[in-house]
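S.K.: Here it is, the structure, as structure tokens.
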Amino acid sequence: MSTILILLGIIAFIVILFISIFNKFAKNRNQVKDAWSNIDVALKRRYDLIPNLVETVKGYAKHEKSTLEAVINARNAAMAVPTGDINGQIKAENQLQQSLRSIFALGEAYPDLKANVNYLDLQEKLNLIEENLERSRRYYNGSVRENNTYGESIPGVLIAGMAKYQHFDYFETEEATRQNVKVDFS
């Protein structure tokens, strides 16, 4: 009789452990998705603001058509990434970030543009969105770190497949976006 009770106790322990690990995977996955939704909201606000910024710059920098087209193309590419493709969205956002930096560099090259009230207002709004994105990225990356660590360590790795573990990429800045934008009108 005591052997049966011991076996039932061991089985109950294993079932409870399995449920606990499975629930941790679900919690981590949902936390990453929640963190990404915060980024997604800020990105949509940025997408809405970019055409206004481009139109304002167009009036001052007519011969900078290629720079402005690059920004619009990067925006459209970022918006075209399928919902749920977080890793693809991260790559597209890094490209958009690089092209946005070139627009702000144009502002430095055109003093009249830099003094334009609409441009300054749009630039301020974009800066606020970027600050919000920065906070959201930190939260997202922290959630990703927790998710990936749990899925790659014991006991999580033992049932990762059964728990539908999903590895997420960090939202990091690409090396190209860390470089200063060079504006040359020669």
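S.K.: For region 152-161, does any single residue satisfy the condition of being open to solvent by 60 Å² or more (accessible area, probe 1.4 Å) and either modelled with pLDDT of 85 or more or within 22 Å of Arg45 (Cβ to Cβ) (or both)?
M.R.: The answer is yes, given that some residue of region 152-161 is open to solvent by 60 Å² or more (accessible area, probe 1.4 Å) and either modelled with pLDDT of 85 or more or within 22 Å of Arg45 (Cβ to Cβ) (or both).
S.K.: Looking only at region 44-52, decide whether some residue is assigned to a helix (DSSP H, G or I), touching a Phe, Trp or Tyr at 6+ places or on another chain (Cβ under 9 Å), of a type outside the set (A, V, I, L, M, F, W, C) and touching a residue at least 12 places away in the same chain (Cβ under 8 Å).
M.R.: We begin by selecting, within region 44-52, every residue assigned to a helix (DSSP H, G or I); these are 44-52.
Next, from what is left, pick out any that are touching a Phe, Trp or Tyr at 6+ places or on another chain (Cβ under 9 Å): none.
No - not one qualifying residue is present in region 44-52.
S.K.: Same structure again: Among the listed residues Ala74, Ala78, Ala105, identify the single one that is within 30 Å of Asp169 (Cβ to Cβ), modelled with pLDDT under 80, assigned to a helix (DSSP H, G or I) and aliphatic (A, V, I, L, M). I'd like the intermediate steps shown before the answer.
M.R.: Numbers: Ala74 fails: modelled with pLDDT under 80; Ala78 fails: modelled with pLDDT under 80.
Just a single option satisfies the conditions, and that option is Ala105.
S.K.: One residue is enough: does region 22-33 have a residue meeting the conditions more than 23 Å from the chain's Cα centre (by Cα), closer than 28 Å to Tyr165 by Cβ, open to solvent by less than 90 Å² (accessible area, probe 1.4 Å) and without any contact (Cβ under 8 Å) to a residue 12 or more places away in the chain?
M.R.: Scanning region 22-33 turns up at least one residue that is more than 23 Å from the chain's Cα centre (by Cα), closer than 28 Å to Tyr165 by Cβ, open to solvent by less than 90 Å² (accessible area, probe 1.4 Å) and without any contact (Cβ under 8 Å) to a residue 12 or more places away in the chain.
S.K.: Scan Gln95, Gln123 and give me the residue that is at pLDDT 85 or above and surrounded by 15 or more Cβ atoms within 10 Å (Cβ to Cβ).
M.R.: Gln95
The values are calculated or read from the model by the stated rules, or taken from the named source; none is laboratory data. Please read all numbers here as calculations on a predicted model, not as lab measurements. A quick note on method: Cβ atoms are made from the backbone with ideal geometry, for glycine too, and the neighbour counts reach across all protein chains shown. We work out accessible area using only protein heavy atoms, side chains counted, and drop any ligands, DNA or RNA first. Shrake-Rupley method; radii C 1.70, N 1.55, O 1.52, S 1.80 Å.
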